[in-house]
Amino acid sequence: LRMYGLVIDVAENGQVAVDEFSRSVPGEYDCILMDVQMPVMDGYEATRAIRQMEREDAQTVPVLALTANVFATDLGKAHAAGMNGHISKPVDIVHLIDVMKQWIQ
């Protein structure tokens, strides 16, 4: 992603992702790529925690699920958690960039 000129932060688990987002200034993040299977707090829980925050961008920041699970039930679970889209693993970087462009203004 850096090769495409994007500035990224990496969180080693879902709780760190939630903490990083909560400490950021509103609008700092244009998009969140959320791995579904993370330790401490999985991506679904982390997304729900972000969506429940009382800050102006918590409901609008695009959250894209990254997962090898691509069944319709998995897509529904991601949507129910508040995720906007779904990227299957292994990740095709061109596809990922295309999906991100759809969500980032």
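Hey, among the residues in region 38-47 that are part of a loop (DSSP other than H, G, I, E, B) and among the aliphatic types (A, V, I, L, M), which one's nearest to residue 85 (Cα to Cα)? Steps first, please.
Going residue by residue through region 38-47, those that are part of a loop (DSSP other than H, G, I, E, B) are 38-42.
With the extra rule that they be among the aliphatic types (A, V, I, L, M), the set shrinks to 38, 40-41.
Numbers: 38: 18, 40: 23, 41: 19 Å.
Applying the filter and picking the extreme gives 38.
Exactly one of (1) more than 16 Å from residue 96 (Cβ to Cβ); (2) out of contact with any Ser or Thr (no Cβ under 9 Å at 6 or more places or on another chain) is unmet by residue 49. Its number?
Of (1) more than 16 Å from residue 96 (Cβ to Cβ); (2) out of contact with any Ser or Thr (no Cβ under 9 Å at 6 or more places or on another chain), only one is false for residue 49: (2).
Out of the residues in region 1-12 that are within 13 Å of the chain's Cα centre (by Cα) and open to solvent by less than 60 Å² (accessible area, probe 1.4 Å), which is nearest to residue 65 (Cα to Cα)?
Looking at residues that are within 13 Å of the chain's Cα centre (by Cα) and open to solvent by less than 60 Å² (accessible area, probe 1.4 Å), I get 11.
Sort out which residues of region 47-105 are touching a Lys or Arg at 6+ places or on another chain (Cβ under 7 Å) and of a type outside the set (Ser, Thr, Tyr), and write them in order of number. Quick ask: steps written out before the conclusion?
We begin by selecting, within region 47-105, every residue touching a Lys or Arg at 6+ places or on another chain (Cβ under 7 Å); these are 58-59, 66-68, 81-82.
Result: 58, 59, 66, 68, 81, 82.
Would it be correct to say that residue 78 is open to solvent by less than 80 Å² (accessible area, probe 1.4 Å) and in contact (Cβ under 8 Å) with a residue 40 or more places away in the chain?
Values: open to solvent by less than 80 Å² (accessible area, probe 1.4 Å): yes; in contact (Cβ under 8 Å) with a residue 40 or more places away in the chain: yes.
Taking the combined requirement at face value, the residue satisfies it.
Count, please, the residues in region 38-51 that happen to be under 16 Å from residue 77 (Cα atoms) and either open to solvent by 20 Å² or more (accessible area, probe 1.4 Å) or hydroxyl-bearing (Ser, Thr, Tyr) (or both).
Selection size over region 38-51: 9.
Among residues belonging to region 56-105 that are assigned to a loop (DSSP other than H, G, I, E, B), among the β-branched types (Val, Ile, Thr) and over 14 Å from residue 34 (Cβ atoms), point out the one that is modelled with the highest pLDDT.
60
Which members of region 52-73 meet the condition of being open to solvent by 30 Å² or more (accessible area, probe 1.4 Å) and more than 20 Å from residue 10 (Cβ to Cβ)? I'd like the intermediate steps shown before the answer.
Going through region 52-73, the residues open to solvent by 30 Å² or more (accessible area, probe 1.4 Å) turn out to be 52-56, 59-60, 68-73.
52, 53, 54, 55, 56, 59, 60, 69, 70, 71, 72, 73 - these are the residues of region 52-73 that are open to solvent by 30 Å² or more (accessible area, probe 1.4 Å) and more than 20 Å from residue 10 (Cβ to Cβ).
Of the residues in region 13-37, how many are surrounded by 14 or more Cβ atoms within 10 Å (Cβ to Cβ), part of a loop (DSSP other than H, G, I, E, B) and either modelled with pLDDT under 95 or among the small types (Gly, Ala, Ser) (or both)?
Taking region 13-37 first, the residues surrounded by 14 or more Cβ atoms within 10 Å (Cβ to Cβ) are 13-21, 24, 29-36.
Subsequent filtering for residues that are part of a loop (DSSP other than H, G, I, E, B) retains 13, 24, 29-31, 36.
Adding the requirement that they be either modelled with pLDDT under 95 or among the small types (Gly, Ala, Ser) (or both) leaves 24, 36.
Residues in region 13-37 being surrounded by 14 or more Cβ atoms within 10 Å (Cβ to Cβ), part of a loop (DSSP other than H, G, I, E, B) and either modelled with pLDDT under 95 or among the small types (Gly, Ala, Ser) (or both): 2 in total.
Do we have residue 102 as farther than 20 Å from residue 1 by Cβ and not hydroxyl-bearing (Ser, Thr, Tyr) here?
no
The values are calculated or read from the model by the stated rules, or taken from the named source; none is laboratory data. What you are looking at is a predicted structure, and each value in this text was computed from that prediction instead of being measured. Cβ coordinates were reconstructed from backbone atoms using ideal geometry, including for glycine residues, and neighbour counts include every protein chain displayed. Surface areas here come from the heavy atoms of the whole protein model, side chains and all, with no ligands, DNA or RNA. Shrake-Rupley method; radii C 1.70, N 1.55, O 1.52, S 1.80 Å.
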